[in-house]
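Structure in C-alpha cells, see below.
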Amino acid sequence: MKIPSVSAHAFRFVLIFSFLSSTAPLFASGRGWVVFDSPNSGTTNLLTSAASISRSDAWAVGYAYEQDSEQITITQHWDGAAWTTVTSPNPGTAEECGDASYAGSTLASVSAISSGNVWAVGSVCGPGTAKTLTMHWDGNGWNVIPSPNKSPIDDSELLAVSALAPNDVWAVGDYQVAFEYEWETLIEHWDGTVWSIVPSPNPAGSDITYLTGVSAVSASDIWAVGYSDGGAKPLTEHYDGQSWTIVAAPYPAQSSFNGLYGVTAISTNDVWAVGYQNINDAGQNGQGLILHWDGTQWSEVQSPIAGYATILLGVSANSSGNVNAVGYIQTRDVQYRPVTEHWNGTKWSVVKPANPGRVGQLYGAAAANGSTWAVGAYSLVSMTQGYMENPSTLILKNH
C-alpha cells in the first residue's frame, strides 16, 4: 500500500517489533477500543489489513522481516480467544525475483467469504521485478494462486481485495509502465477458476495513478478508490456489472495532495471513502479527506482535526450509523500516533485509541457483528528517522 507523508506525495509501509506474552486484552481506551496481544515474526512487523467473519473468526495480514533478510508474509488468525500466526507461503525468493536484494513477499489486503474461503493479495519482489501475489485460505492452509501481471517487464502490485462469492473476487492495484515514470490502474477478477485482468480507466493526462481500496455492494455495484496526478486528485471508479468507469469526486482545490486509501460500501446509496488532504482551516499540515456517495454523487464530509496532520487509511462499517475510519496523526515534531474517527449517523468525531508504544499507526479495519477490528503497528521508541523503528504488530477491537 502507498500512504502519504505530510512532506512528500507517497511512501511505502515501514515496519516494527516487540514480544508480549498475554493473550487477554491489554488495555482499553476511548469508545471501547481494546488492545489485543498479537505475535511478531521479525524485528520489523506490520499488519496492513483485517477481515472479520464472526466473533470467533477473523484474519489479519501484513509482512515482516529481519535485518538483511527477505521480507515475509504475515497471516494471523483470531479464534475467539487469541491471535496466532498461521504459516503462509513466501514465493518472492531470490530465484523468483532474480536478485537477492529484491527478494521478498508482501500482503496488503485480506477479504473473507467464509471460514473456509479467504483471499489475501499483495506483491512479490522489488522495483523492476515486482509481481502480483494472490493467496487463498481453504480452511486448511494458505496457497499461492497464480495471478497475472500487466506484462513480463512491468512492475505490478495488488493493494486491496474484496471477495463477494467463491466465483466473484476483485483485486485492485497498479502497475508501472516499463522504463517509464508512469503508473496506471490494475484491476483483476477471480471467476472461480482463474484470475484475469479487467480493463480499468485512467484519468486523462495523469502519469501517476493508483487504486488502493475496493469494496462491493453486489456483483454489479463495486467501488474502487485511489488517486491520480501523483496525488493531486482523488480517484473513484465504479463497476456496474459490465465495465469500470471513473466517477467524479470532489476535493479541496487549495490542497496539493488529495488521496483516497480506503472505501466501504454499505448500500447502493451509502458508501464512504477516506484518505488525506494536506491543508485545513486551522493552518496545520493536513487532515483526513472523507467522501460520501449518496447514490447520485460524491460529496466531501467535514473531517475533524485530530492533530497537526491526520491521515486516514482504512474504513469499515457495521451499519449506516456506525462507521469507523482508522489511520494516524503526525505531531509537529514528526511523531505518529494511531487515531480513529467514528460516524454516528450525523457527524464524524475523533476517537483516540489506546497506544501501547510511543508511536503507532493503524492501516486497516474490519467490522462485523457490531464490533470493529483495527490493525497496524507500533514502536516502543520515538521516531528519529521519519519512520517507526523496529515496529510490532498492533491489533485493537472496538466493542
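May I ask you to order 181-189, 116-124 by the average number of other C-beta atoms within 10 Å around their residues, highest value first? Please list the in-between numbers first.
Numbers: 181-189: 19.8, 116-124: 23.9.
Ranking, from highest mean packing down: 116-124, 181-189.
Which residue, Ile145, Thr393, Tyr102, has the largest displacement toward the positive end of the dipole of the chain when charges sit on each Cβ (Lys, Arg +1; Asp, Glu -1)?
My answer, from the dipole projection, is Thr393.
How large is the charge dipole for the stretch 2-398, taken about the Cα centre, if only the Cβ atoms of Lys, Arg (+1) and Asp, Glu (-1) carry charge, to the nearest 20 debye? Please report the intermediate quantities before stating the final value.
Numbers: 13 positive and 32 negative charges, 282 e Å.
Dipole magnitude for the stretch 2-398 comes out near 1360 debye.
Rounded, prolate or oblate: which fits the stretch 154-236 when a ≥ b ≥ c are the square roots of the eigenvalues of the alpha-carbon gyration tensor, with rounded for a/c under 1.5 and prolate only if a/b beats b/c?
Details: a/c = 2.72, a/b = 1.60, b/c = 1.71.
Oblate, because a/c is 1.5 or more while a/b does not exceed b/c.
Okay, moving on. With 10 angstrom as the radius, rank Phe179, Phe36, Phe257 by how many other C-beta atoms surround their C-beta, starting from the fewest.
Numbers: Phe179 8, Phe36 20, Phe257 25.
Arranged by neighbour count, lowest to highest, Phe179, Phe36, Phe257 become Phe179, Phe36, Phe257.
Convert each backbone phi in the stretch 209-216 into a coupling constant with the Karplus relation 6.51 cos²θ - 1.76 cosθ + 1.60 (shift: θ = phi - 60°), then list the ³J(HN,Hα) values in order as whole Hz, x for Gly and Pro.
Residue by residue, the stretch 209-216 yields 9, 10, 10, 10, x, 8, 8, 10 Hz.
Setting aside same-chain residues fewer than 8 positions from Lys397, which lysines have a Cα under 16 Å from its Cα?
Output for Lys397: Lys352.
Using only Cα atoms, locate the centre of the stretch 296-368 and the centre of the stretch 75-139, then give the distance between them in Å, rounded to an integer.
Cα centres, the stretch 296-368 to the stretch 75-139: 26 Å.
Pop a pseudo-label 7 angstrom from the Cα along the beta-carbon direction at both Ser56 and His136 and give the gap in nm to one decimal.
With each label placed 7 Å out from Cα toward Cβ, I get 2.7 nm.
Using Cα positions and a limit of under 18 Å, work out the aspartates and glutamates in reach of Lys131, with same-chain residues fewer than 8 apart set aside.
Glu70, Glu95, Glu96, Asp99, Asp154, Asp155, Glu157, Asp174, Glu180, Glu182, Glu184, Glu188
Kindly rank 100-107, 167-174, 216-223, 201-208 from highest to lowest mean number of other beta carbons found within 10 Å of each residue.
On the way: 100-107: 21.0, 167-174: 23.8, 216-223: 17.0, 201-208: 14.2.
Per-residue Cβ counts within 10 Å, averaged per peptide and sorted highest first, yield 167-174, 100-107, 216-223, 201-208.
Every number here is computed from the coordinates shown, using simple stated rules; none is lab data. On a predicted model such as this, the values are computed, not experimentally measured, just so you know. Because the Cβ atoms are built from the backbone with ideal geometry, glycine has one as well, and the counts that use them run over all protein chains shown.
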